[in-house]
Amino acid sequence: MAIGRRELLLSGGVVGLAAATAGFSASSGHASPRGDLFELGVASGDPWPDSVVLWTRLAPDPLALDGRGGMPDRRVGVDWQVATDDRFRHVVRKGRTTAVPELAHSVHVEVDGLAPDREYFYRFRAGGVLSPVGRTRTAPAPWARVGAMSFAVASCQAWFEGYYTAYRHMADEDVAVVFHLGDYIYENKIGATGGVRNTPVPAEIGAKPFDLTQYRLRHALHRYDPDIIAAHQAHPFALVWDDHEIDDNWVGDISKADGEPDNDPAVFRQRKAAAFQAYYEHLPLRLPSTRLHRKLSYGRLVDFHVLDTRQYRADQACGDRTSDCADRFLPDRQVLGPAQEQWLYDGLRSSDALWNVIPQQIPVTQVDTVPGDGRAFVMDFWDGYKPARDRLFAELARVRNPVVLTGDMHRHMAADLKLDFDDPSSRTIGVEFVGTSISTKMDGEDLDQGGRNLLDANEHIRFTSYQRGYLRCTVDDQTCRADFRVLPYVTRPGAPVSTRTSYVTENGNPGLQLA
């Protein structure tokens, strides 16, 4: 009898030894169901109709202070298999690759020749040791008429501010893909006791990262957690960075940390290169590239236009202060950069999908932080780049069923997107669903004072909650629904999950409705 997703995770991702070793001839004559080489687990990503990326990193000691994960300075052969069943009786693809020390012995296998809209299971073997078994799923064929699909949205997971219980619940969700919208790690200095984790953290790991070794250690720290490993093992991810993967509020070649060496753009470019490499080494991404904007399609139902709002944009206006200064209206201020902006508009115009969903990082809706008289906007949001937002909204007004997905805010939020936010009667052109953080800002509360201010100052913002959690969304031919999943606490493990509320937007009728 085949095991299900929950059983796969509870068993550590590996079935019985005889089944696990079938088809592999371990040169050592021994295969362990859970080998130290795979302490960081396995993952898959960027599902296409015929292809998916498989990932692992050989790291028997992920937090070894030299950043090598306990591995020797030599190349290691790694076998991989993909099967249609979790016992690997029907292997459909297999091969051998090499994990090299230059890439921290990470493994990225772009498996092709797969069937569309199909569940698969995969595993690796190295040094006679078998990895846990991962589960993934390909996207439907481009021409397929898909009845419905569900996905999750995650962001912002400061390891030292909370447990990753949300990921354990996400692993049990029935979703086709998880979109991670940034802040996979945090670069802040970590104290010796590991924040709320109350776990000893060596100074070499807790120091603010600037070089490749330090970024590798910071990724390993955030990644070396059973709940996040479980989520990656259960679902394919599509990931894009935000700011904390490198430095708080960075844009382009500009660091925001005053008094640090990387205030020099040349030095910051070196820091970025180290951070980007460590990011690639620890995540299921396709071939190394500094371009993360891309499109993922699920039949004729939905096109996902994934954006990178960090790498190409202009510096924040007004010294990055929350304000309403005139510089935010300057027409040459870019968020996406000319090439990515044109790529997005071309993709929206050519889309035949029923829904056009835009996963990205920063709130696109107007977010006035001051109730009553006066206005103040966060310059790191799209509010600080109003002409760029006006261009985007002019395009969204012409396409079918636009939905924007956002992270960054550490709060849930649902908002109508208006052509003119200063005119309540202005046309609604789409909706934005903002997902809260996995752990950043610790437990939070349902409606904090900041949330009250947002609701008072912004008529188009319909809902907010400052609890931790994630989004679970379902699209079909009638609606796009967002379930705002919340946890009552993350500063200790074991919290339950519930749906705080749900909103829908209807096909052909832009705007939020309470589900």
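The values are calculated or read from the model by the stated rules, or taken from the named source; none is laboratory data. Nothing here was measured: the structure is a model prediction, and the numbers come from that model. A quick note on method: Cβ atoms are made from the backbone with ideal geometry, for glycine too, and the neighbour counts reach across all protein chains shown. Note: accessible area is taken over every heavy atom of the protein model, side chains too, but ligands, DNA and RNA are not part of it. Shrake-Rupley method; radii C 1.70, N 1.55, O 1.52, S 1.80 Å.
What does the charge count near Arg411 come to, summing +1 for each Lys or Arg and -1 for each Asp or Glu among other residues with Cβ under 9 Å from its Cβ?
Details: positive: Lys441; negative: Asp448.
Spelling it out: positives minus negatives among the neighbours equals 0.
Residues of the chain: accessible area per residue at 1.4 Å, in Å²? Don't skip to the end; give the middle numbers.
On the way: 18760 Å² over 515 residues.
Heavy-atom SASA per residue in the chain reads 36 Å².
Decide, for region 366-515, between rounded, prolate and oblate: order the square roots of the alpha carbon gyration tensor eigenvalues as a ≥ b ≥ c, take rounded if a/c falls under 1.5, and otherwise choose prolate if a/b is larger than b/c, else oblate. Before the final figure, lay out the partial values.
On the way: a/c = 2.02, a/b = 1.28, b/c = 1.59.
Oblate is the answer for region 366-515, as a/c is 1.5 or above yet b/c matches or exceeds a/b.
What net charge do the residues around Phe433 carry, taking every other residue with its C-beta under 14 Å from that of Phe433, with Lys and Arg at +1 and Asp and Glu at -1? Provide the component values of the computation, followed by the final result.
Numbers: positive: Arg411, Arg462, Arg472, Arg481, Arg485, Arg500; negative: Asp408, Asp416, Glu432, Asp483.
Result for the local shell: +2.
Round to a whole number: what % of the accessible area of the chain belongs to carbon and sulfur, probe 1.4 Å? Before the final figure, lay out each step's value.
On the way: 9260 of 18760 Å².
It is 49 percent, rounded to a whole number.
Based on the alpha-carbon gyration tensor of the chain and its eigenvalue square roots a ≥ b ≥ c, which shape applies: rounded if a/c is under 1.5, prolate if not and a/b is larger than b/c, or oblate?
prolate
How large is the charge dipole for the chain, taken about the Cα centre, if only the Cβ atoms of Lys, Arg (+1) and Asp, Glu (-1) carry charge, to the nearest 20 debye? Please list the in-between numbers first.
Details: 58 positive and 69 negative charges, 348 e Å.
With only Lys, Arg, Asp and Glu charged at Cβ, the dipole is about 1680 debye.
Based on the mean of other Cβ atoms within 10 Å per residue, sort peptides 92-98, 369-375 so the most packed one is first.
Values: 92-98: 13.3, 369-375: 11.7.
With the highest mean Cβ count within 10 Å placed first, the list reads 92-98, 369-375.
Hey, which lysines would be in cross-link range of Lys208, C-alpha to C-alpha under 19 Å, not counting anything within fewer than 8 residues on its own chain?
Within the straight-line cut-off, Lys208 pairs with Lys189, Lys256, Lys272, Lys441.
Straight-line reach from Lys94: which aspartates and glutamates fall under 13 Å, measuring Cα to Cα and dropping same-chain residues less than 8 apart?
Leaving aside aspartates and glutamates fewer than 8 places away in the same chain, those within reach of Lys94 are Asp79, Glu110, Asp112.
Run through region 406-515 and list the trypsin sites (Lys or Arg not before Pro) located in a DSSP loop whose Cβ has at most 15 other Cβ atoms within 10 Å.
On the way: sites: Arg411, Lys418, Arg427, Lys441, Arg452, Arg462, Arg468, Arg472, Arg481, Arg485, Arg500; in loops: Arg411, Arg427, Lys441.
Those that pass, being in a loop and sparsely packed, are Arg427.
Which whole-number percent is the relative contact order of the chain (Cα, under 8 Å, 6+ apart)?
Values: 1352 pairs, mean separation 72.0, N = 515.
Relative contact order here is 14 percent.
Do any cysteines in the chain lack another Cys Cβ under 4.7 Å, and if so which?
Within the chain, the cysteines lacking a partner Cβ under 4.7 Å are Cys156, Cys473, Cys480.
Which shape class, rounded, prolate or oblate, goes with region 35-182 when its Cα gyration tensor gives a ≥ b ≥ c as root eigenvalues, a/c under 1.5 marks rounded, and past that a/b bigger than b/c marks prolate?
Numbers: a/c = 2.12, a/b = 1.26, b/c = 1.68.
The shape class here is oblate.
Taking θ = phi - 60°, what integer Hz values does the Karplus form 6.51 cos²θ - 1.76 cosθ + 1.60 yield along region 447-454, in sequence order, with x for Gly and Pro?
10, 8, 5, x, x, 4, 4, 4
Rank Thr193, Met71, Gln277 by how far each Cα sits towards the positive end of the charge dipole of the chain (+1 on Lys, Arg Cβ; -1 on Asp, Glu Cβ) and give me just the farthest.
Met71
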